[in-house]
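K.L.:
Below you'll find the structure I mean.
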Amino acid sequence: MMDNTLSIRPGDLEDINSIGFLAQQIWPITYGDILSAEQLRYMLNLFYSPASLRKQMVEDHHQFAIVEQEEEPIGFASWSATDKLGVYKLHKLYVLTGQQGKGLGRTLLQYVFETIGSKGAKTLQLNVNRHNKARQFYERMGFAVVKEEDVPIGNNYFMNDYVMEAAVPQ
Ligand SMILES: CC(C)(COP(=O)(O)OP(=O)(O)OC[C@H]1O[C@@H](n2cnc3c(N)ncnc32)[C@H](O)[C@@H]1OP(=O)(O)O)[C@@H](O)C(=O)NCCC(=O)NCCS
């Protein structure tokens, strides 16, 4: 049962600054031992600049969810349909470091599953860095690794990932 100071709501253009602000805090702790400082800065700009977030929301039709404690954003998720019928992609799932391990990741994921499930989704797919311990969280949430891939992201940088999938609870 989620405590009543917490709420989850759809995110929109108004949330671009708080999503960027949260990412600036969470990414260095999450990827500081995995990525070079230059690659981390490059990727934060690539995926979290206001222009990039606006493009994700407006052009790429990524949906966002914001989890808040007393109206203070403490985590977010984003997802979208793929070109494969019934397959959706989870693009982002981030909880403020001090708030991790309290069930918020699970609650955000359940919100995503319910939202896409109501649209007939069958599978949720995601990429996770092969050195990110979040892989264990996703396995706990029912995801399994289906393949490995190295995704070029420009500037000779790559995302060295596992692709994981889970069936959307019907
Ligand atoms: C990954 C993340 C979203 C998980 O959210 P969270 O709120 O910390 O996780 P929850 O408290 O909801 O955990 C749900 C369950 O997974 C388990 N779990 C969470 N993180 C885990 C980990 N790293 N390893 C093993 N189990 C883990 C919890 O123990 C809990 O188990 P339970 O069912 O027995 O209670 C969060 O830790 C985070 O933001 N991490 C940094 C950013 C990141 O890596 N995001 C993913 C990018 S692909």
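The values are calculated or read from the model by the stated rules, or taken from the named source; none is laboratory data. All figures in this text were calculated on a predicted structure; none of them were measured in a lab. Every residue, glycine as well, gets a Cβ built from its backbone with ideal geometry; the counts of neighbours run over all protein chains shown. Side chains included, ligands, DNA and RNA excluded: accessible areas come from the protein's heavy atoms. Shrake-Rupley method; radii C 1.70, N 1.55, O 1.52, S 1.80 Å.
K.L.:
Checking the structure you have, find out if any residue of the range 120-133 is open to solvent by 50 Å² or more (accessible area, probe 1.4 Å), under 20 Å from ALA81 (Cβ atoms), more than 7 Å from the ligand (Cβ to nearest atom) and free of Cβ contacts under 8 Å to residues at least 12 places away in the same chain.
P.N.:
Let us first name the residues in the range 120-133 that are open to solvent by 50 Å² or more (accessible area, probe 1.4 Å), namely 122, 130-131, 133.
Add one more test, that the residue is under 20 Å from ALA81 (Cβ atoms), and what stays is 122.
Okay, now just the ones that are also more than 7 Å from the ligand (Cβ to nearest atom), so 122.
If we keep only those that are free of Cβ contacts under 8 Å to residues at least 12 places away in the same chain too, we end up with none.
Within the range 120-133, none of the residues are open to solvent by 50 Å² or more (accessible area, probe 1.4 Å), under 20 Å from ALA81 (Cβ atoms), more than 7 Å from the ligand (Cβ to nearest atom) and free of Cβ contacts under 8 Å to residues at least 12 places away in the same chain.
K.L.:
Which of the residues that make up the range 47-61 are open to solvent by 30 Å² or more (accessible area, probe 1.4 Å) and either assigned to a loop (DSSP other than H, G, I, E, B) or within 21 Å of ALA134 (Cα to Cα) (or both)?
P.N.:
Hits for the range 47-61 are PHE47, GLU59, ASP60, HIS61.
K.L.:
Does LEU108 meet the test of being in contact with a Gly (Cβ under 9 Å, 6 or more places away or on another chain), within 16 Å of the ligand (Cβ to nearest atom), in contact (Cβ under 8 Å) with a residue 24 or more places away in the chain and closer than 26 Å to ARG130 by Cβ?
P.N.:
Numbers: in contact with a Gly (Cβ under 9 Å, 6 or more places away or on another chain): yes; within 16 Å of the ligand (Cβ to nearest atom): yes; in contact (Cβ under 8 Å) with a residue 24 or more places away in the chain: yes; closer than 26 Å to ARG130 by Cβ: yes.
So LEU108 passes the test.
K.L.:
Would you check if ALA65 is more than 8 Å from the ligand (Cβ to nearest atom), free of Cβ contacts under 8 Å to residues at least 60 places away in the same chain and surrounded by 21 or more Cβ atoms within 10 Å (Cβ to Cβ)? Don't jump to the end; show me each part of the working.
P.N.:
Working: more than 8 Å from the ligand (Cβ to nearest atom): yes; free of Cβ contacts under 8 Å to residues at least 60 places away in the same chain: yes; surrounded by 21 or more Cβ atoms within 10 Å (Cβ to Cβ): yes.
For ALA65, the condition - more than 8 Å from the ligand (Cβ to nearest atom), free of Cβ contacts under 8 Å to residues at least 60 places away in the same chain and surrounded by 21 or more Cβ atoms within 10 Å (Cβ to Cβ) - is met.
K.L.:
Now a separate question. Just to verify a result, which residue in the range 86-109, among those that are of a type in the set (Ser, Thr, Tyr) and part of a helix (DSSP H, G or I), is least open to solvent (accessible area, probe 1.4 Å)?
P.N.:
Filtering the range 86-109 down to residues of a type in the set (Ser, Thr, Tyr) leaves 88, 94, 97, 107.
Filter once more, so that each one left must be part of a helix (DSSP H, G or I): 97, 107.
Values: THR97: 52, THR107: 35 Å².
So, considering only residues that are of a type in the set (Ser, Thr, Tyr) and part of a helix (DSSP H, G or I), the one least open to solvent (accessible area, probe 1.4 Å) is THR107.
K.L.:
Can you tell me which residues in the range 134-170 are within 12 Å of the ligand (Cβ to nearest atom) and not in a strand (DSSP E or B)?
P.N.:
Answer for the range 134-170, where residues must be within 12 Å of the ligand (Cβ to nearest atom) and not in a strand (DSSP E or B): ALA134, ARG135, GLN136, PHE137, TYR138, GLU139, ARG140, MET141, GLY142, PHE143.
K.L.:
Additional query: Being touching a residue at least 40 places away in the same chain (Cβ under 8 Å), assigned to a strand (DSSP E or B) and open to solvent by less than 70 Å² (accessible area, probe 1.4 Å) is true for just one of ILE34, ILE26, ILE19, ILE8. Which residue is that? Reasoning before the result, please.
P.N.:
Working: ILE34 fails: assigned to a strand (DSSP E or B); ILE26 fails: assigned to a strand (DSSP E or B); ILE19 fails: assigned to a strand (DSSP E or B).
Matching residue, one of ILE34, ILE26, ILE19, ILE8: ILE8.
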